[in-house]
Amino acid sequence: MDLLSINNWGVSKNGQPLGIMGPCSAETEVQMLSTAKELVHKNVHIFRAGVWKPRTRPNSFEGVGEIGLQWLSEVKKQTGMLVATEVASAEHVRLALKYDIDVLWIGARTSVNPFAVQEIADALYGRDKIVLVKNPINPDLELWIGALERINQAGIKKLGAIHRGFSTYEKLNFRNAPKWQIPIELKRRYPDLPIICDPSHIGGSRELIYDISQTALNLEMDGLMIESHIDPDCALSDAKQQVTPEVAKKITEQLLLRNHQLNDSKQINQLNNLRQQIDELDHQLISVFSQRMDRVKDIGELKKEGNVAVLQTDRWNDIITDRVNSGAGKGLSDIFIRKIFEAIHQESINKQNVIVK
């Protein structure tokens, strides 16, 4: 992708992570202006508010529509902040451009649909706007990248991603599972692509915003999108995950900013030594995995001779129970051990399936 870094977006960050804050939804002009005026400080660079709200159930508050764009323009006029809103169609884009909204974001329910994203891309063609793409609701990195590419191919270079977590049927502490490995992989593939974390939607609870925000900064994400409302408990949408401007300010002031690299020469040498040890251990692991798979293939040959099914559920249950218990004794988490051995087990099944055919 042909991208401009966040430093070329025309936003003065003063060395801070990009801060995008404002209410989940525009409700009234007074609410918008009151919230915006209290959010004017060094850690907030863009004021956000949704004017069209895709809701899960009918008869919910679905936004005020075009008049909300007028209120955003007034916020921009009175505070000097850039302003942002979500767009989900070409008509939304047309209206946002009419009111000179600076930043447009594509929501998770839209980024999952390539037809909708392409419609938005066509409407944005050649425009000099900042466009942010939230991850799709399902954990599909290629779909996320595809949405970003469609916008980029429309000539949008001021492009960024928003990590807002992923929907899951499981009951978790989070509203949307963060699955940090997905934005990490996105950053690995596109190191120049700015990634903004949305702790409000990941957590779904204002009590979780600080911890999620700190984790995001620890992972070198480029900014935060935090929902802030002048009176959160009375908000018409997502009340539980919004904070007052005062709390939002405290959260950002308490966050620790990490250095990109060590500066002390002694520490650098120690780090390099430890990394060399990790490299050697990783090579040893690969060698052990290879040896293990050789034994797996030997077992596959025996199963073929005896006309035995590849999957042996009792054996697998014994393995996972034993390995989890063994890992716990060495300070390794249940989840970590299960993920490793589930991957090993699947690879073993794949190899044996080839043999017994």
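Here are the numbers for the structure shown:
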item	result
Residue match in segment 239-246 (condition: within 22 Å of the chain's Cα centre (by Cα) and at positive phi)	no
Among residues of segment 98-112, those that are within 16 Å of Leu159 (Cα to Cα) and β-branched (Val, Ile, Thr), counted	3
One residue from Val93, Val112, Val117, Val64 being touching a residue at least 12 places away in the same chain (Cβ under 8 Å) and touching a Pro at 6+ places or on another chain (Cβ under 6 Å)	Val112
Hits in segment 71-82 (condition: surrounded by fewer than 18 Cβ atoms within 10 Å (Cβ to Cβ), part of a helix (DSSP H, G or I), of a type outside the set (Ser, Thr, Tyr) and out of contact with any Leu (no Cβ under 9 Å at 6 or more places or on another chain))	Lys77
Segment 23-70: number of residues that are outside any strand (DSSP E or B), within 23 Å of Asp222 (Cβ to Cβ) and among the hydrophobic types (A, V, I, L, M, F, W, C)	6
Wholly enclosed helices (runs of 4 or more DSSP H) of segment 141-250 bearing at least 1 residues free of Cβ contacts under 8 Å to residues at least 40 places away in the same chain and among the hydroxyl-bearing types (Ser, Thr, Tyr)	209-218
Those residues of segment 121-138 which are more than 15 Å from Met1 (Cα to Cα), crowded, with 17+ Cβ neighbours inside 10 Å and touching a Ser or Thr at 6+ places or on another chain (Cβ under 9 Å), in sequence order	Ala123, Lys134, Asn135, Pro136, Ile137
Residue check for Thr110: hydroxyl-bearing (Ser, Thr, Tyr), closer than 17 Å to Ser200 by Cβ, in the same structural domain as Phe174 (by TED's automatic domain parsing) and not in a loop (DSSP other than H, G, I, E, B)	no
Among (1) touching a Gly at 6+ places or on another chain (Cβ under 9 Å); (2) surrounded by 22 or more Cβ atoms within 10 Å (Cβ to Cβ), the one test that Ala147 misses	(1)
Every residue from segment 251-276 that is part of a helix (DSSP H, G or I) and touching a Ser or Thr at 6+ places or on another chain (Cβ under 9 Å)	Ile251, Thr252
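Residues checked against (1) modelled with pLDDT of 95 or more; (2) within 26 Å of Lys157 (Cα to Cα); (3) under 9 Å from the mean Cα position of the chain (by Cα):
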| residue | (1), (2), (3) |
| --- | --- |
| Leu172 | no, no, no |
| Arg175 | no, no, no |
| Arg189 | yes, yes, no |
| Leu208 | yes, no, no |
| Asp211 | yes, no, no |
| Gln214 | yes, no, no |
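The values are calculated or read from the model by the stated rules, or taken from the named source; none is laboratory data. Since the model is a prediction, treat every value here as computed from it, not as a measurement. Neighbour counts run over all protein chains shown; Cβ positions are idealised from the backbone, glycine included.
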